[in-house]
Amino acid sequence: MGTPKEKLKNLIIEKALKFGDFTLASGKKSNYYINCKMITLDPEGLFIVSSLLLDIIADRFPEAKAIGGPTLGADPIVGGVVGLSYTRNHPLKGFIIRKEPKKHGTGQWIEGIEALPKGEKVILVEDVVTTGGTSLKSWNKTVEAGLEPLAILAIVDREEGAEAAFAGQGIPFSPLFRISEFLREKP
């Protein structure tokens, strides 16, 4: 059977990791592509991801009261963690950071901000990080909103500069996996 982390690794290999010729959002070329939405939109995958992230939060950031991240990659993760947190007697609220402010209504950047008091300690989450640019923008938007982010968690770090970018800002970072763990095992 294996541990939950081993099961998740196998799911990522089976459902999310593809080899070929790909152009990334940055315009950069890559010989692999990892789409963790194939994991977080899968019931078993989302359950395991949520469980592993909650374990990290309980162990290292027990003072966290909410979890959020940038849309679209963080959306299912936030929902999964929020729901599962209730069963663990450490309920976390959720929030989603938009790519741009809402064009109508309140015009806000962060959905769910109304339920979070100023100074609330929060965790940011991503599915895949590459250079860390999106995560840093999310960190800054969270701070501007009056929240106190504690760390960035991710499913996979592509190991293309994110960790160094976060370290340069003094931001704790914990990926469940690094891409090198998968590329070593390429068939």
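Each value in this text was obtained by applying a stated rule to the coordinates, not by laboratory testing. What you see is a predicted model, and the numbers here were worked out from it, not measured in a lab. Methodologically, a virtual Cβ is constructed for each residue, glycine included, from the backbone with ideal geometry; neighbour enumeration extends over all protein chains shown.
Overview of results
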quantity: D_trans [Stokes-Einstein, Kirkwood Rh over alpha-carbon pairs] for segment 1-99, 37 °C, 0.692 mPa s, µm² s⁻¹; calculated: 224 µm²/s
quantity: Straight-distance crosslink candidates among lysines, where the alpha carbon sits under 27 Å from Lys18 and sequence neighbours closer than 8 are dropped; calculated: Lys5, Lys7, Lys9, Lys28, Lys29, Lys37, Lys99, Lys186
quantity: Proximal charge balance of Ala25 [Cβ under 14 Å; K/R count +1, D/E count -1]; calculated: +3
quantity: Whichever lysines have a C-alpha closer than 17 Å to that of Lys102, once near sequence neighbours (fewer than 8 apart) are set aside; calculated: Lys137, Lys141
quantity: Interchain or long-range residues, amide H under 5 Å from Phe95's placed H; calculated: Ile67, Gly68, Gly69
quantity: Calculated on alpha-carbon atoms, Rg and Dmax of segment 32-85 in Å; calculated: 11.3, 37
quantity: Segment 70-180 - Rg over Rh from alpha carbon coordinates, Kirkwood radius; calculated: 0.96
quantity: Difference of contour (0.36 nm per residue) and Cα-Cα distance, Arg184 to Ser30; calculated: 53.9 nm
quantity: Spacing of the two label points (7 Å from each Cα toward its C-beta) at Lys121 and Lys137, in nm; calculated: 2.9 nm
quantity: Cα-centre dipole for segment 113-187 with unit charges at Cβ (Lys and Arg positive, Asp and Glu negative), debye to 20; calculated: 60 debye
